[in-house]
1. Give the accessible surface of region 562-674 per residue, rounded to a whole number of Å², with probe radius 1.4 Å and ligands, DNA and RNA excluded.
2. Over 10 Å intervals from 0, what percent of Cα-Cα pairs in region 530-586 sits in each interval?
3. Per the 1.4 Å probe, what fraction of the accessible area of region 460-603, in percent, lies on carbon and sulfur atoms?
4. Using 0.36 nm per residue, how much length does the chain from TRP649 to THR150 gain when fully extended, once their Cα-Cα distance is taken away?
5. Within region 287-326, what whole-number % of the accessible surface is contributed by carbon and sulfur, with the 1.4 Å probe and all protein chains included in the calculation?
6. Going by average Cβ neighbours within 10 Å, how do the peptides 657-670, 317-330 rank, with the highest at the top?
7. Can you divide the C-alpha Rg of region 368-486 by 2.2 N^0.38 Å and report the result to two decimal places?
8. For region 456-472, what does the Karplus curve 6.51 cos²θ - 1.76 cosθ + 1.60, with θ = phi - 60°, yield as ³J(HN,Hα) per residue in whole Hz, taken in order and with x for Gly and Pro?
Amino acid sequence: MRSRSSLRILMLSLACSMALSAQAQTAVGRVDVPAGDLAGALTALGRQSGTQIIYRPEQLQGLRTAGLRGDYAAADAATRLLRGSGLAVRQDAGGALLVVPDAAAPAAPRRAPAGGADAEAAPAVTEMQSVQVTGSRIPRAQIEGPAPITVITAEQIQSAGLTTVPDLLRSLSQNSGSVQGQQNTTGAQSTPGAQAVDLRGLGPNHTLVLINGRRIADFPLPLNGRSNFTDIGNIPLGMIERVEVLTGSASAVYGSDAMAGVINFILKKSTDGTTIDYRYGDTSRGGGESHRLTLTSGFERGALSGIVGVELQNRRPLWGYERRNQDSTFDAPTEARRLPRLIAQINDWDDDVNIGPADDCAALAGLNDGTTVLAEDPDYGPYCGSDRAIAYRTIQNERKGATAYGSFEYRFSDALSWFADVQLGRQEVKLLTGTNGNNVASDHMGWEFHDPASTNNYRNKMFYNANTGHYEIWSRQFSPEEVGGLENRMNTTTQKTLAVTTGLQGRFAEQWNWEAAYNHSQYKADVAMPRIRADAANTFFLGERLGYDDDGYAIYAPDPDRLFSPLTPAQFATLGAMSTFRPVAKNDNLSFTADTPALFSLPAGDVGFATALEYGRQSYRINPDPLALTDDAYFGPRYGDGRGERDRWSAAGELRLPLLSSLQASLAGRYDRY
């Protein structure tokens, strides 16, 4: 193993950016806002101009506007709509327009609420840079809603030094469940290279992950062989505008997969010119070096506008042997765990003791960086072990890849536009899992006698030794020197993702919005898992099988020197194999939504309403290595196959009811048929 310098900078980030255009709020565009409720007018202006307009609902209660039509900049149009209201707009650091009291103007007369009481004065506005909408289909441009939402902006992500989406979600105190980490051995074996989020601890299949408010295809292998989930590891961090995390149940709005909550990744829809962002990261003790380059650019050609971007990532693995508190079994908290990890062992099943080699492990002493020694298990006796073998695993996965993204809009008129979002990605993830115990041989770098035809072999890997007349269990763990380097035994997952959304959106009447959309997403993977050929390894260490005894146990006459001698990489190549799966998951959805912020009015304000009709189809195919479906091809577990598809029809409705000026109620219902 190459040593890495321990005198590196803890975290080093380099960023360079180039902005090539003026602020979007100064751009003049067509505005067509009808007369009516002031809140609805500002909502329409925000939609037409693509500008975030933020206000408190009680500020605009009872206020109306004469409307506006013509070519205006967003800030100028908002100022004209607010004339006579006693309010003004100002722009915050993030480019949003904030509605604030106009100190130079008298307060505007308002419609008296029920009972003839005067409306309360609006409180001071708190600066915010984002509009929170996850958890509701009803459009709003206010600071707070009834749902418990946490919003993380791109600026906050950068300032916190977060480098991946899993790191981002792991940092949230609202995440009371977990994010499947890269040291999760069970998850890495069933879904290598993928990372899942589990809000509230109800399971990853009950946390809904959206991109731009839409579902994406699941990881095509089931987590722990049981449940579907969304891989959050390949979402491009540099293209995120904000993340909205709803930690309350939203199953009535989104369906049963949102029972634990919703995480909505909003990707960038606009940019000021062309931006190039490069970030470099490293650690003070070496390992885990990372590079990330993000390029985004926007354009506007008449009625057509869009943003395109690409993100390149290269992150090196961080190995257990590169950290002093994980590079040896001597770091373990208990005496039993501090025993050296098994390298070679013969256990006499009849006498329940280990049989040590005649040379006290001298032949194996050069393996594992010269740390292989004769060790003593207090319960079973001598074996060959190494304290260093525990460190042969990745703490942080290696990841290389590229993601491209585009968002486009063509406006036929102020009341009708076409939109499309496209995301395309290819990532290669490499990792190596460790063993679960001191005396366990792993199925990717270890061997024990494996023959399903032998009695009880699925539990006790023993055979009858004709030379000793005893039943024995032989175990062997291979070293980096024998396998030709740890890189040769890493799980390698190539992830290929595609998501396309297109549709039409518009408005009718005065305050009704509608959208008809089609969404397709797919996730293809090539998953190569290192395995050991059972028959080849049995023959290499035990010789030819002599038959089966009367109890059904396989009979061999093996030479112990074979087990306690080092292998050359060429010899190991005859035993090792890569078992490749090619799973695929797809998701197709058709949807129609309609909403209005003012279905009718109550004394405390307007009632919002939204409805949605959806049709969807999901499918998956595991496409496993045929040999992995057999009992005898590889040492270790047998994997299963699977495929399936389902159709879904859904209808949903939602009401937002203002009960008081400071109290709102939400009512939502949903029907799903599969």
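1. Accessible area per residue, region 562-674: 51 Å².
2. Percent of pairs per bin, in order: 19, 38, 25, 12, 6, 0.
3. Roughly 54 percent, rounded to a whole number.
4. 176.6 nm is the gain from fully extending TRP649 to THR150.
5. Heavy-atom surface of region 287-326 belonging to carbon and sulfur, 1.4 Å probe: 52 percent.
6. The peptides rank, most packed first, as 317-330, 657-670.
7. 1.93
8. So the J values, rounded to whole Hz, are 6, 5, 5, 10, 10, 7, 10, 9, 8, 8, 5, 6, 10, x, 10, 7, 9.
The values are calculated or read from the model by the stated rules, or taken from the named source; none is laboratory data. All figures in this text were calculated on a predicted structure; none of them were measured in a lab. We place every Cβ from the backbone using ideal geometry, glycine too, and count neighbours over all the protein chains shown. Ligands, DNA and RNA are excluded from the accessible area calculation, which covers all protein heavy atoms including side chains. Shrake-Rupley method; radii C 1.70, N 1.55, O 1.52, S 1.80 Å.
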